[in-house]
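The values are calculated or read from the model by the stated rules, or taken from the named source; none is laboratory data. Every value quoted in this text rests on a predicted model; they were computed, and no experiment measured them. Note: ideal-geometry Cβ built from the backbone for every residue, glycine included; neighbour counts use all protein chains shown.
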Amino acid sequence: MATTLRDIARKAGVHPSTVSRILHNNQTVKISDATRKRILAIAKELDYQPNELARAFRLRKTQTIGLIIPDISNSFFSGISRSIEMSSYNAGYNLVVCNTNENIEKELKYVRNLVNRGVDGLIIATCQNNEKHLLDLREKKIPFVLIDRYFSNFKANAVFSDNKSSAFDAVKTLHKLKHERIAFLRGRPEISTIQLRLQGYLEGLAACGIAQDPELIAGKSFTAEDGYEATKMLLSLASPPTALLTSGNRIIIGALKAIKEFNIKLPDELSIIAYTDDLFTPFLACPLTTISHPLSEMGQKAVDLLLHEINNTNDNATTQIEVKTIFSMRESICELTTCRKTENV
């Protein structure tokens, strides 16, 4: 049977209210240091564990944060989850993680369940089909922070990466290496990260004086299968790309499978820059040039924003934080050879 306040009080020879004040650090009544030390020692001896339900009722807080992500098996989201768990734990909060598999119905259900369980706040990487449930959270004054994905027409606390400028810089980098047939494997087109990367890609082409070619924009999901099919389509064009910007950890796996089937040599026949946070990319036969994310920083900032909102309920201001991605130059890109340029004329 669990030790109670009465058990400690009985052994210490004091009233249970005295034990409660000491264990809850209530200093409204003066208690001698000797009594305080004696009761704390008895509590430790009896292995006293506080009643979290009673504590939550008293403080109107459960010290619990809900995290909703679209794909826990994706190294980006598993890395984000790890960072958020560590930051939450260090702040004295428990974390409940829910995985939606990019399914909006699951996302809505998880939001309802977590709110009903009394979480103090939510961090959400939304499927981004709509924002109605986020409006409901705001109306109910449930603190929440969006991570990675956000709605441009809906102001909310959010942490995301520099998707637009990083894609722009990737195109500029490839153009400096003489590439003009630059393709973009995008992933789900309705996601804000992809929309911003597409904008950066298109603006990069324009800045380099390269005409847009709709045939060079491919892909409709974040799966390896979609990356494979989209890459096969690109490589089968009458004038295939000489460079490829891929947008997702799974997509690059499918792309590499298609490239191998076409017997294309990297980077001599095709240069690749990949948005990916997988640990294996530097150790491939042709180490990939990548755009990756500071996952620890993103998770920490999301928790900091959420805790500020939890502890400052009257502060209605919203903060949106854009973090810089990390560009790692490796062997998967090189200057377009004269032979390759002639072949595509």
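Specify which of the listed residues (Leu205, Leu174) is touching a His at 6+ places or on another chain (Cβ under 9 Å) and either part of a helix (DSSP H, G or I) or crowded, with 19+ Cβ neighbours inside 10 Å (or both). None of the other options fit; the residue is Leu205. Among the residues making up region 93-143, those that are assigned to a loop (DSSP other than H, G, I, E, B), touching a Ser or Thr at 6+ places or on another chain (Cβ under 9 Å) and among the hydrophobic types (A, V, I, L, M, F, W, C) are Val119, Ala125, Cys127. Thr313 meets each of the listed conditions (1) in contact (Cβ under 8 Å) with a residue 60 or more places away in the chain; (2) under 24 Å from the mean Cα position of the chain (by Cα); (3) in the same structural domain as Gly121 (by TED's automatic domain parsing) apart from (2). Confirm whether Ser20 is at pLDDT below 95, assigned by TED's automatic domain parsing to the domain that holds Ile124 and out of contact with any strand residue (DSSP E or B) (no Cβ under 7 Å at 6 or more places or on another chain). Criteria not met by Ser20.
Can you find, within region 147-171, the residue that is surrounded by the most Cβ atoms within 10 Å (Cβ to Cβ) among those that are under 19 Å from the mean Cα position of the chain (by Cα) and of a type in the set (D, E, K, R)? Out of the qualifying residues, it is Asp148.
Across region 105-125, the number of residues qualifying as in contact (Cβ under 8 Å) with a residue 24 or more places away in the chain, crowded, with 16+ Cβ neighbours inside 10 Å and not hydrophobic (A, V, I, L, M, F, W, C) comes to 4.
Taken over region 181-202, the criterion of being under 22 Å from the mean Cα position of the chain (by Cα), crowded, with 19+ Cβ neighbours inside 10 Å and assigned to a loop (DSSP other than H, G, I, E, B) is satisfied by Arg186, Gly187, Arg188, Ile191.
Would you check if there is a residue in region 188-198 being small (Gly, Ala, Ser) and at positive phi? Scanning region 188-198, I find no residue that is small (Gly, Ala, Ser) and at positive phi, so the answer is no. The listed residues are Ala56, Ala34, Ala41, Ala12, and the only one of them that is surrounded by 13 or more Cβ atoms within 10 Å (Cβ to Cβ), modelled with pLDDT of 85 or more and either at negative phi or not assigned by TED's automatic domain parsing to the domain that holds Glu309 (or both) turns out to be Ala12.
Evaluate the following for Phe144: is it surrounded by fewer than 21 Cβ atoms within 10 Å (Cβ to Cβ) and farther than 30 Å from Cys208 by Cα?
The answer is no for Phe144.
Figure legend. Inter-residue proximity from region 257-280: first residues among the hydrophobic types (A, V, I, L, M, F, W, C), second residues surrounded by 21 or more Cβ atoms within 10 Å (Cβ to Cβ) and assigned to a helix (DSSP H, G or I), beta-carbon distance below 6 Å, spacing 6+ or different chains. Indicated pairs: Ala258/Thr231; Ile273/Ala170; Ala274/Ile252. Is it the case that some residue within region 293-312 is among the hydroxyl-bearing types (Ser, Thr, Tyr) and out of contact with any strand residue (DSSP E or B) (no Cβ under 9 Å at 6 or more places or on another chain)? Looking through region 293-312, at least one residue is among the hydroxyl-bearing types (Ser, Thr, Tyr) and out of contact with any strand residue (DSSP E or B) (no Cβ under 9 Å at 6 or more places or on another chain).
For beta carbons closer than 8 Å, sequence separation of 6+ or different chains, a first residue in region 126-155 that is at positive phi and a second that is in a loop (DSSP other than H, G, I, E, B), the qualifying pairs are Gln128/Arg149; Gln128/Phe151; Gln128/Glu190; Gln128/Ile191; Lys141/Thr313; Asp148/Ala125. In the set Ser73, Ser152, Ser166, which member is under 30 Å from Ala206 (Cα atoms) and modelled with pLDDT under 95? Every option except Ser152 fails the conditions. When Ile333 is tested against (1) touching a residue at least 60 places away in the same chain (Cβ under 8 Å); (2) surrounded by fewer than 22 Cβ atoms within 10 Å (Cβ to Cβ); (3) assigned to a loop (DSSP other than H, G, I, E, B); (4) in contact with a helix residue (DSSP H, G or I) (Cβ under 8 Å, 6 or more places away or on another chain), only condition (2) is not met.
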